[in-house]
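The values are calculated or read from the model by the stated rules, or taken from the named source; none is laboratory data. Only a predicted model underlies this, so the values are computations on that prediction, with no experimental measurement involved. We place every Cβ from the backbone using ideal geometry, glycine too, and count neighbours over all the protein chains shown.
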Amino acid sequence: MSDVLLQVENLRVYFPVYGGVLQRIVGRLHAVDSVSFTLHRGETLGLVGESGSGKTTVGRSLVGIVAHTAPDVLLGGHAWFYADHANPEPADLLQLFAHRRKYPRQLRLHYRRHIQMVFQDPFSSLNPRLSVGQIIAEPLEIHFPKLSRTETQERVVWLLEKVGLQPEDRMRYPHEFSGGQRQRIGLARALATHPDLVICDEPVSALDVSIQAQVINLMEDLQEEFGMAYLFIAHDLSVVHHISDRIAVMYLGHIVELGPADDVYFTPKHPYTQALISAVPIANPRQKRERIVLRGEIPSPLRKPTGCPFHPRCPIAQPECSEIVPELEEKAPGHWVACPYA
Ligand SMILES: Nc1ncnc2c1ncn2[C@@H]1O[C@H](COP(=O)(O)OP(=O)(O)O)[C@@H](O)[C@H]1O
Ligand code: SF4
Ligand SMILES: [Mg+2]
C-alpha cells in the first residue's frame with residue numbers, strides 16, 4: 001500500500017473582487033495558483049512564506065472553509081485524500097466540500113473526521129461560552145454519536161492528560177488559561193477524532209518563544225504516539241525547519257521550492273528562499289551570514305507580476321523571467337525548485 005495520504009494537484013483559489021454600485025465581480029485575487037504537493041502518512045510538511053503568500057488559504061481550502069465562507073470563489077485542481085485503509089479510492093476534498101448538495105453529509109463528515117485543524121489564535125478559535133470539557137466533547141459528539149455521556153467524558157479526560165492538562169481543567173473556561181495552555185486545548189480537540197491529518201495554521205506564532213518550544217515538543221510527542229501527518233503552516237523558518245520532514249516555500253500563491261527540510265534550510269536553491277533564510281538570526285555569534293535584502297515589498301496578489309512572480313524583486317532575474325512562469329524542476333533528489341537559473 002502506498003503511504004500517500006494527500007495529493008494536491010494544481011490547487012487554485014481565486015477570490016472575487018467586487019466593485020461598482022451593484023457590487024459586481026470586477027476582478028479576481030489569485031491567492032493560490034497551481035499549487036501541487038504530496039503529503040505522506042505520518043509526515044510533517046512545513047509550509048512557509050511571507051504574510052499574504054497564500055498559506056492559510058491552502059490549509060482552509062482543504063477542510064472546506066474557503067468554499068463555505070467565500071461565495072463566488074473559484075476553486076480549481078484536486079486534493080485527493082486517501083482516508084481509508086480499506087478503500088484505496090481517494091476522495092477529492094475540493095469537490096466534496098464545494099458541492100454540498102451533490103454529496104451526502106455523512107460522506108463529508110467521514111472525511112472531516114480525518115482532517116482536523118489547529119489555528120494560530122486559540123482564543124478566537126475556542127468558543128468562550130463553552131467549558132473546556134464541552135469544547136473537546138463537541139467533535140466526539142458529532143463524529144461518534146453512539147458514545148454514552150460517560151464514555152465521552154472519559155475520552156475528554158484522557159485527551160486532556162495526553163496534552164498535559166489536568167482532568168479538573170474540563171470544568172474551566174478558555175479565558176482562564178494562558179496562550180500555551182489554550183493551544184493544548186486546541187490540540188486535544190483536534191486529536192479527539194483520531195485524524196490522519198492535522199493542519200496547523202501558525203499554531204505557535206502568537207506564543208512566547210519558551211512556550212513555543214513546549215508546544216512544538218508536545219506536537220512531536222503526539223505525532224509519535226498517534227502517527228498523524230501535519231501540514232505545519234508558519235512564517236518562522238527556524239520553527240518550521242525544526243519540526244518538518246520536508247518544507248515547501250510559498251511566494252504569491254506559488255510553491256517556489258520544495259524539498260527535505262535540511263536541504264531547503266541549509267542549501268536553499270531558489271533566490272527567494274535564499275533571501276528568507278539569510279534573514280534568520282543565527283544563535284552562534286561567531287558565525288556570520290550575509291543578509292540578502294530584497295528590493296521592494298511583496299506585490300499584491302491582485303496585481304501579480306507576469307512570468308515568474310518573483311521577478312520584480314529577484315537579484316538574478318533574466319529578461320525572459322517576466323514572460324515565462326517557471327515550473328518546479330527536481331534539481332537534487334526530492335528537491336524541487338521553480339527557477340531555471342537557480
Ligand atoms: N476570504 C477572502 N476573500 C478575499 N481575499 C482573501 C480571503 N482570504 C484570503 N484572501 C487574500 O488571499 C491572499 C492570501 O492570503 P492568506 O492565505 O491568508 O496568506 P498567508 O496565510 O500566507 O498570510 C491575501 O492577499 C489575502 O488578502
Ligand atoms: S525564474 Fe527568474 S525571476 Fe524567477 S527566481 Fe528564477 S531568476 Fe529569479
Ligand atoms: Mg496565514
Provide a single number: the residues in segment 85-113 that are surrounded by fewer than 19 Cβ atoms within 10 Å (Cβ to Cβ), outside any helix (DSSP H, G or I) and small (Gly, Ala, Ser). 1
Within segment 241-268, residues of a type outside the set (Ser, Thr, Tyr) and within 25 Å of Leu29 (Cβ to Cβ) come out as Ala248, Val249, Met250, Leu252, Gly253, His254, Ile255, Val256, Glu257, Leu258
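Which residues, taken from segment 49-84, are part of a loop (DSSP other than H, G, I, E, B) and within 15 Å of ligand 1 (Cβ to nearest atom)?
Gly49, Glu50, Ser51, Gly52, Ser53, Gly54, Val63, Gly64, Ala70, Pro71, Asp72, Val73 - these are the residues of segment 49-84 that are part of a loop (DSSP other than H, G, I, E, B) and within 15 Å of ligand 1 (Cβ to nearest atom).
Please specify each residue of segment 115-132 satisfying the condition of being crowded, with 19+ Cβ neighbours inside 10 Å and away from ligand 3 (no atom under 16 Å from the Cβ).
Step one: filter segment 115-132 for residues crowded, with 19+ Cβ neighbours inside 10 Å, giving 115-120, 122, 126, 132.
Ile115, Gln116, Leu126, Val132, listed by residue number.
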Answer yes or no as to whether Val215 is outside any helix (DSSP H, G or I), on the phi < 0 side of the Ramachandran plot, of a type outside the set (Phe, Trp, Tyr) and surrounded by 21 or more Cβ atoms within 10 Å (Cβ to Cβ). no
Looking at Pro281, Pro312, Pro299, which one is farther than 14 Å from Leu252 by Cβ and either at pLDDT below 90 or out of contact with any Phe, Trp or Tyr (no Cβ under 9 Å at 6 or more places or on another chain) (or both)? Pro281
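Please tell me if Val21 is in the same structural domain as Tyr111 (by TED's automatic domain parsing) and assigned to a strand (DSSP E or B).
No.
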For Arg246, the lone unmet condition from (1) more than 16 Å from the chain's Cα centre (by Cα); (2) within 28 Å of Gly76 (Cα to Cα) is (1)
Pick out the one residue from Leu126, Leu160, Leu165, Leu107 that is of a type outside the set (Phe, Trp, Tyr), at pLDDT below 95 and within 22 Å of Met219 (Cα to Cα). Leu126
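Restrict the check to segment 146-161 and report whether at least one residue is assigned by TED's automatic domain parsing to the domain that holds Phe177, touching a His at 6+ places or on another chain (Cβ under 6 Å), surrounded by 17 or more Cβ atoms within 10 Å (Cβ to Cβ) and within 26 Å of Leu39 (Cβ to Cβ).
No, there is no match, as no residue in segment 146-161 is assigned by TED's automatic domain parsing to the domain that holds Phe177, touching a His at 6+ places or on another chain (Cβ under 6 Å), surrounded by 17 or more Cβ atoms within 10 Å (Cβ to Cβ) and within 26 Å of Leu39 (Cβ to Cβ).
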Hey, any hits in segment 114-124 for a residue that's out of contact with any Lys or Arg (no Cβ under 6 Å at 6 or more places or on another chain), among the polar types (S, T, N, Q), closer than 21 Å to Val58 by Cα and part of a loop (DSSP other than H, G, I, E, B)? yes
Being out of contact with any strand residue (DSSP E or B) (no Cβ under 8 Å at 6 or more places or on another chain) and away from ligand 3 (no atom under 15 Å from the Cβ) is the filter here, so list the residues in segment 46-70 that pass it. Gly64, His68
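With Val198, Val132 as the choices, which residue is more than 25 Å from Leu237 (Cβ to Cβ), modelled with pLDDT of 95 or more and in contact with a helix residue (DSSP H, G or I) (Cβ under 6 Å, 6 or more places away or on another chain)?
On the way: Val198 fails: more than 25 Å from Leu237 (Cβ to Cβ).
The match here is Val132.
Residue-by-condition table, conditions (1) of a type in the set (S, T, N, Q); (2) closer than 19 Å to Ile298 by Cα; (3) within 16 Å of ligand 2 (Cβ to nearest atom):
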| position | (1), (2), (3) |
| --- | --- |
| Gln7 | yes, no, no |
| Leu11 | no, no, no |
| Phe15 | no, yes, no |
| Gln23 | yes, no, no |
| Ser34 | yes, yes, yes |
| Thr38 | yes, no, no |
State the number of residues belonging to segment 283-320 that are small (Gly, Ala, Ser), in contact (Cβ under 8 Å) with a residue 12 or more places away in the chain and surrounded by 12 or more Cβ atoms within 10 Å (Cβ to Cβ). 1
